[in-house]
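Here's the structure, in structure tokens; my notes come after.
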Amino acid sequence: MPTPPKKRSVGKIAGLGCLGIIGLFVVVAVAASGGGDSTDNSNKDKAVTATAPAGTDGAEEAPAQEAGPAGLSQAEEFRACVAKTGTATEKAAIKHVTKVTGADKRNNILDAPEVFTDFTGGLMGPHQGKGKLIASAFTSCYESDNGLVTVYDKDGEILANANY
């Protein structure tokens, strides 16, 4: 006759149950303290719309300074960079940029800045070529290990995108 199966002892069951509860408390404590210690109160994530001063065409809005000077919006920084290093056709296309978001924070893991323009028509519209020029100019001004810049028209439709 076979031997009957061994019964689990009460101590073993209680001990493993207590370890599970303690482990649950540790996980909850780590999750609760994970996001509360940020001291960065800057306004870097806020999108700023760039407007050209009266009497200018928008190409020479910002003085020639290093990227990231205080007081310039992301769109103004982008325009200043293209004004320094861009081709004539890129400088003409960049006049239609209204807003840039996400260009100030790069982590080289998945960077996805957005460039907004006053063009219409989307990906298959008449301004697709100018959208590619803007994306190309962006790749000349900014660098990332794994970035994708997307250029949008005024209705929020994609004009172009490029890896940078």
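The values are calculated or read from the model by the stated rules, or taken from the named source; none is laboratory data. What you see is a predicted model, and the numbers here were worked out from it, not measured in a lab. For neighbour counting, all protein chains shown are included, and Cβ atoms are generated from backbone atoms with ideal geometry for every residue, glycine included. Accessible surface areas use protein heavy atoms only, side chains included; no ligands, DNA or RNA. Shrake-Rupley method; radii C 1.70, N 1.55, O 1.52, S 1.80 Å.
Close contacts from the stretch 134-148, counting a first residue that is more than 8 Å from D111 (Cβ to Cβ) and small (G, A, S) and a second that is in a strand (DSSP E or B) and open to solvent by 30 Å² or more (accessible area, probe 1.4 Å), with Cβ to Cβ under 8 Å and a gap of 6+ residues or different chains, come to A135/N161. The condition of being under 14 Å from H96 (Cα atoms), modelled with pLDDT of 85 or more and part of a loop (DSSP other than H, G, I, E, B) holds for only one of F138, F119, that being F119. The listed residues are N41, N108, and the only one of them that is at pLDDT below 85, in a loop (DSSP other than H, G, I, E, B), at positive phi and open to solvent by 60 Å² or more (accessible area, probe 1.4 Å) turns out to be N108.
If the requirement is being in contact with a Phe, Trp or Tyr (Cβ under 9 Å, 6 or more places away or on another chain) and closer than 15 Å to F78 by Cβ, which of these qualifies: S140, S136?
On the way: S136 fails: in contact with a Phe, Trp or Tyr (Cβ under 9 Å, 6 or more places away or on another chain).
Being in contact with a Phe, Trp or Tyr (Cβ under 9 Å, 6 or more places away or on another chain) and closer than 15 Å to F78 by Cβ holds for just one of S140, S136, which is S140.
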